[in-house]
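Here's the structure, in structure tokens; my notes come after.
The values are calculated or read from the model by the stated rules, or taken from the named source; none is laboratory data. In this text, all values refer to a predicted model and were calculated from it rather than measured experimentally. All Cβ positions, glycine included, derive from the backbone under ideal geometry; neighbour counts span all protein chains shown. Just the protein is used for accessible areas: all its heavy atoms, side chains included, with ligands, DNA and RNA removed. Shrake-Rupley method; radii C 1.70, N 1.55, O 1.52, S 1.80 Å.
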Amino acid sequence: MIQLTERQRLIIKDLLNINNPISTKELAKKFNLSIRTIRYDLEAIEYWLKTRNIILIKRPNVGIWLDLKKREKDILKSEIITTNRQISVLSKVERFHYILFELLKSIEPVTAEFLANELGVSRTTIMKDLKEVKQELNKYEIELRSKPRIGYRVIGNEENIRKLIGDILIENMSSQELLLIVSNIDKKTKNNENSTFNIESLNNLSKQINIKDIKKAIKLSKVTNDFWIPDSSYVSLLVHIAIAMDRLLKGQNIELSPERINMIKDYKEYQIADEIGERLSEIYGVTVPEDEIANITLHLISSNLKLEYLYQENIFDTKDKLSEVVDKMIKVMKEYVLLSEYSYDKLKIDLLSHLKLTLKKYELNIISDNPLLDQIKANYCDSFDIARKMSEVFKVENNIELPESEIGYIALHLAAHIEISKQKKKKKALVVCTTGKGSAKILAMRIKNCIPQLDIVETVSMFELEDKHTLLNDIDLIISTVYLKSLDKPVIKVSPLINNIEINKIKSFINEEKSNIQLKEIQQGNYMLESIMNVVDKYISREDKEKLKMELSYLTGFLVNNSNKPTKQIEISERFAQMNSLILVEIGEMLKEISEKIEVNSDISSLWGIVIHIVMSIYRWQAGKYYKEKDFQKYKKENPEIYAIIKAYLDKISEDYDLEIPDTETVAIMRYLI
């Protein structure tokens with residue numbers, strides 16, 4: 001629930017004291033807030049003012065103001081000054097979710113008058129909201145029925161109704177609330193004042209349901225069945241079991257076909273679900289029927305519950321010959337990645353364990369979700385690309401096309417073993433010394449004695465390095481007595497007679513504990529470069545890939561090396577690199593959608609131009625500098641489809657990363673495609 005806070009009252013007071021329009025940017029600067037936060041505050045203010053029949057005027061490229069007479073301003077100012085309490089008012093989006101949730105959790109019809117009184121808005125507003133609610137319900141094949149003087153109620157498949165309730169709760173809870181659900185903290189915590197849904201929303205599905213009871217039932221079952229569930233999946237499991245018990249207590253039973261129930265009974269998770277059902281029966285004094293036990297089983301499987309060691313299960317004993325399929329998948333992977341035999345064996349076990357669960361979900365028609373998918377694509381783009389190739393083998397052998405969510409999990413397993421392999425591999429170093437052969441030998445010998453796990457490939461001078469540039473291809477770092485820049489390898493500068501502090505700096509790098517600023521620059525530059533290549537790779541030929549990668553490396557190197565020093569010191573450049581990567585994932589999806597829907601000019605130069613344009617634009621957007629276009633309306637009118645797609649993605653980027661991106665930037669990208 002959005003509340004009119006002290007800050008929001010101060011914003012209203014500020015608007016009352018000025019005679020001219022003020023921009024969101026000016027307000028953000030004045031109150032030392034982000035533009036995004038100011039927009040949220042203005043949204044709450046706007047709805048609060050509407051309840052007093054006052055309109056907050058907003059005009060693009062002009063600003064925000066209140067058009068009131070002096071007497072009206074004085075009355076409103078008096079109310080703002082004398083009110084010390086926080087005034088609760090829902091935004092339109094939150095009001096929509098509140099109405100939807102009330103209709104879904106109520107068995108009796110709900111009247112428009114009741115909703116209007118609860119939310120402090122007019123009946124007309126509620127009627128408009130109900131039209132949007134009806135559209136949302138239709139997506140889940142749920143019907144909104146109404147009877148005059150009786151009210152509104154939802155009618156539909158019980159499974160769909162429960163899914164929608166769960167989606168509303170999980171999607172609208174803050175990360176803090178979700179963390180509190182899985183924690184063992186029993187003390188009361190202050191609810192997030194900007195959250196419509198919280199733990200109390202879950203507890204108040206009905207007066208009888210408490211999330212602690214659900215946790216107790218699961219933990220008691222865990223005593224006799226040693227299983228493991230990831231925290232993110234555990235939240236979903238708790239929410240869905242709470243919903244199931246609430247609906248059961250209200251007489252809204254779920255019904256599964258006898259064939260489906262018998263099929264589910266064959267899975268080992270059914271035993272755990274049965275024990276959880278027994279505990280819940282004791283707690284709530286109600287019989288949990290077989291259909292509900294089967295339903296809990298589905299949620300356990302969906303939550304990625306791990307069972308393989310519990311029943312001394314032989315992971316290689318699979319009726320569908322999954323072991324042979326995984327061998328073929330790893331064979332494809334070996335064309336791109338070199339690991340130890342031990343790592344290959346361990347990876348096989350990991351993939352078998354995961355893909356057995358994947359097949360189980362497929363048989364039960366459970367849709368997999370992967371909340372880390374975008375980050376996996378950005379951070380481990382090479383692993384994701386290899387995992388996609390491995391998934392083609394799985395498709396051929398099992399006639400099942402793995403969704404991107406599953407490919408992402410395979411990429412994570414692969415990336416984990418690659419990282420482990422990097423740690424075990426002996427690091428190779430090139431020593432650059434300009435003070436003579438004697439001191440160079442002493443330097444190399446001292447490094448070898450102090451850091452035996454480091455392999456010194458060669459000791460060269462700056463002069464020799466120019467002729468032996470190929471040495472850089474097979475080393476992990478350069479140890480130099482002079483400062484070197486513009487080399488595509490990490491450089492650690494040391495004195496000719498290296499001291500213990502410098503020795504420890506090298507050890508830290510080898511152990512990957514920490515690195516100096518230049519090492520971070522290399523990592524961030526590569527991070528951004530790989531993210532860019534992940535976007536463009538699918539659109540260009542193999543011949544052009546290396547050339548493009550080389551050219552783009554100059555751009556990413558320039559961006560990182562020219563960021564200001566204070567930014568580096570507080571490590572914001574690392575976050576900027578990550579933001580770049582995630583934004584480029586969005587741009588990749590945008591290009592894909594455009595290519596599928598519209599025939600446009602999509603040669604390498606235009607694609608290259610878009611990617612470079614986006615990377616360079618992020619700096620401009622952060623600084624509040626924007627592209628200007630005189631013929632904006634002309635381009636928008638002549639190319640409505642391209643404009644709509646690009647604008648939708650830029651709006652999402654603007655919202656997700658707190659960037660103000662005006663519509664003229666849409667045209668700047670359009671120019672590469674028309």
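For this structure, a couple of remarks:
- Spin-label model distance (nm) - E171 vs L16, 7 Å beyond Cα toward Cβ: 3.8 nm
- Three-way shape call for the range 343-428 based on the alpha-carbon gyration tensor, with the a/c threshold at 1.5: prolate
- Contour excess over end-to-end distance, with Cα ends at K389 and I367 and 0.36 nm allotted per residue: 5.8 nm
- Charge context of I22, other residues only, Cβ under 12 angstrom, K/R +1, D/E -1: +3
- Cα-based convex hull, the range 238-309, per residue volume (Å³, whole number): 85 Å³
- For K212, the accessible surface of its heavy atoms amounts to roughly 100 Å² (probe 1.4 Å, protein chains only, rounded to the nearest 10).
- Gained length - I510 relative to N449, 0.36 nm times residue gap less alpha-carbon distance: 20.5 nm
- In terms of the mean number of neighbouring beta-carbon atoms within 10 Å, the peptides 8-15, 283-290, 404-411 order highest first as 404-411, 8-15, 283-290.
- Our summary gives the range 17-155 a relative contact order of 19 percent, counting only alpha carbon pairs under 8 angstrom and 6 or more residues apart.
- Inverse mean reciprocal Cα-Cα distance (Kirkwood Rh) of the range 34-174, Å: 17.4 Å
- Judged by the mean number of other Cβ atoms found within 10 Å, the most tightly packed of the peptides 122-128, 152-158, 54-60 leads the ranking 152-158, 122-128, 54-60.
- Label point distance in nm, R123-L220, each placed 7 Å from Cα along Cα→Cβ: 4.9 nm
- For the range 604-674, the percent of C-alpha pairs falling in each 10 Å distance bin, counted from 0 to the bin holding the largest distance, reads 20, 55, 25, 0.
- Overall Cα dimensions of the range 118-172 - principal axes, largest extent first, Å: 31, 26, 17
- For K652 and T664, the difference between the fully extended length at 0.36 nm per residue and the C-alpha to C-alpha distance is 2.8 nm.
- Links that overshoot a 22 Å alpha carbon limit, given the list K597/K647; K105/K134; K389/K597; K50/K652: K389/K597; K50/K652
- Nitroxide proxy distance, nm - points 7 Å out along Cα→Cβ at K29 and D488: 4.2 nm
- T37-K441 FRET efficiency (beta carbon distance; Förster radius 45 Å; 0.05 resolution): 0.15
- Legend: residues Y344, Y98, sorted from most to least accessible area (1.4 Å probe; ligands, DNA and RNA excluded), read Y98, Y344.
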